[in-house]
Structures are given as C-alpha cells and as structure tokens.
Amino acid sequence: MKCYNCGTDLIWGGDHDTEDDEEHAIVSNLSCPECDAFYLVYWGHKDNKEEWTSGYKKWTENKNKEPEMWKHFCEVEGSQMEIGKEEACSWCGEVEHESNS
C-alpha cells in the first residue's frame, strides 16, 4: 500500500482486534518511513467474521512469501536500490552492514 501523501510504500505495524468499533473487527496500523504519515485501517465486518478471516489468512500467507530486502546506495551504479537479504550487490559486491538491518 502506498502513502497517500508521498507515494512511498507503507510499513505494516500490526493488526489488532477492535474494541471500540461496532462495525469492524480489525484495525491495521501502517506508517510511512518517508514523511512520517500514520494510518489506521479498519476492516473486517464483525457480522461477517468467516469471510474476512479467510481473506486475512490468504493475505498473511502471501505476505510471508515476499523476500526481505535491504536498501543500498551503489557507488558503481550511482543509484539507490533494494537487494535481497543476505545477498551482495551485483554491481559493487557490497553486503548489508549490521547498521542497515
């Protein structure tokens, strides 16, 4: 999901059961690492628990399939890029530093 303010990919902070919302069952919190915007997304109708539970399960299964990445500015390529965790940059050979993790 992209930030409405700057278009950067949002960071998922977690899901929680809603206690104060009569309509929705879950609230997800998302934040933008670029402009510090913060989002609360209410979803999953409480009257339709089975439907949103199956959708949430499918989403979490797919989410876990996405590779973890680390950000790197490559001096050889001259650009910012993301590289798979535990992989070296194919242009310069640099590996992720502990300070980046």
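Calculated FRET efficiency, ALA37 to LYS57, Cβ-Cβ distance, R0 = 30 Å: about 0.60 to the nearest 0.05. Computed 3J(HN,Hα) for the range 37-42, one whole-Hz value per residue from the Karplus formula 6.51 cos²θ - 1.76 cosθ + 1.60 where θ = phi - 60°, is 5, 10, 10, 10, 10, 8, glycine and proline marked x. Couplings 3J(HN,Hα) for the range 16-31, derived from phi with the Karplus relation 6.51 cos²θ - 1.76 cosθ + 1.60 (θ = phi - 60°), are 9, 5, 8, 10, 9, 10, 7, 9, 9, 9, 10, 10, 9, 10, 10, 9 Hz, where x marks Gly and Pro.
Computed from the coordinates by the stated procedures, all read-outs in this text should not be read as laboratory data. Keep in mind it's a predicted model, so treat the numbers as computed, not measured. Heads up, the Cβs are rebuilt from the backbone with ideal geometry, glycines too, and the neighbour counts pull from every protein chain shown.
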